[in-house]
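Report on the following structure.
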Amino acid sequence: QVQLVESGGGLVQTGGSLRLSCAASGRIFGVNTMAWYRQVPGNQRDLVASIISDGRTNYADSVKGRFTISRDNAKNTVYLQMTSLKPEDTAVYYCNAILRTMGVTGMNPRNYWGQGTQVTVSS
């Protein structure tokens, strides 16, 4: 079974840092885009950062200069280094990946989500 497993969330004070990790496991034949989203209760899930297979990255304006996304292709893992954290960064952070997997329709890219990890920044 293909799954994304996240780790690294927690409680941190304003100005602090956290590093999130997300590892893809199972029968994976390729990894395309990997990304982090976040969601506050009652709001939509928003893109925080993404990274494609060649290493090019994209960030939400609100996190540019503070967050860094990276990936280890050998480990099918994506990271999110978060620095200078603010209370408004408080959310559940979800890992997302487009993985090439085998299904009833053959080997195709499919969208997968992690279970989410809580990040709380206290003021």
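The values are calculated or read from the model by the stated rules, or taken from the named source; none is laboratory data. These figures come from a predicted structure and were not determined experimentally. Backbone-built Cβ (ideal geometry, glycine too); neighbour counts: all protein chains shown. Heads up: the accessible areas ignore ligands, DNA and RNA and are worked out on the full protein's heavy atoms, side chains in. Shrake-Rupley method; radii C 1.70, N 1.55, O 1.52, S 1.80 Å.
General remarks:
- Exposed trypsin sites (Lys or Arg not before Pro) absent - longest run of the chain, DSSP non-H/G/I/E/B, at most 11 other C-beta within 10 Å: 65-123
- Carbon and sulfur %, accessible surface of the chain computed with the full protein complex present, 1.4 Å: 48
- Put a plus charge on the Cβ of each Lys and Arg, a minus charge on the Cβ of each Asp and Glu, and nothing anywhere else: the dipole of segment 61-123 about its Cα centre is then about 220 debye.
- Rg and Dmax of segment 61-123, both derived from C-alpha coordinates alone, stand at 15.2, 49 Å.
- Per-pair calculated FRET efficiency, R0 = 35 Å: GLN3 and ARG66 via Cβ, rounded to 0.05: 0.75
- Efficiency of FRET from Cβ geometry, ASP54 and ASN108, R₀ 22 Å, rounded to 0.05: 0.60
- When only Cα pairs below 8 angstrom with a gap of at least 6 residues are kept, the chain shows a relative contact order of 35 percent.
- For segment 15-66, applying the loop criterion from DSSP together with a ceiling of 16 other beta carbons within 10 Å to the chymotrypsin sites (Phe, Trp or Tyr not before Pro) yields PHE29.
- Positive end of the dipole of segment 53-123 (Cβ unit charges, origin at the Cα centre): among GLY116, GLY106, GLN81, the Cα lying farthest that way belongs to GLY106.
- Each Lys or Arg adds one and each Asp or Glu takes one away; over the other residues whose Cβ falls under 10 Å from the Cβ of ARG38, this sums to -1.
- Computed from point charges on the beta carbon alone (+1 for Lys and Arg, -1 for Asp and Glu), the dipole magnitude for the chain about its Cα centre is near 240 Debye.
- Prolate/oblate/rounded call for segment 15-64, Cα gyration tensor, a/c under 1.5 rounded: prolate
- The accessible-area ordering, largest first, of the residues GLU88, GLU6 stands as GLU88, GLU6, per a 1.4 angstrom probe.
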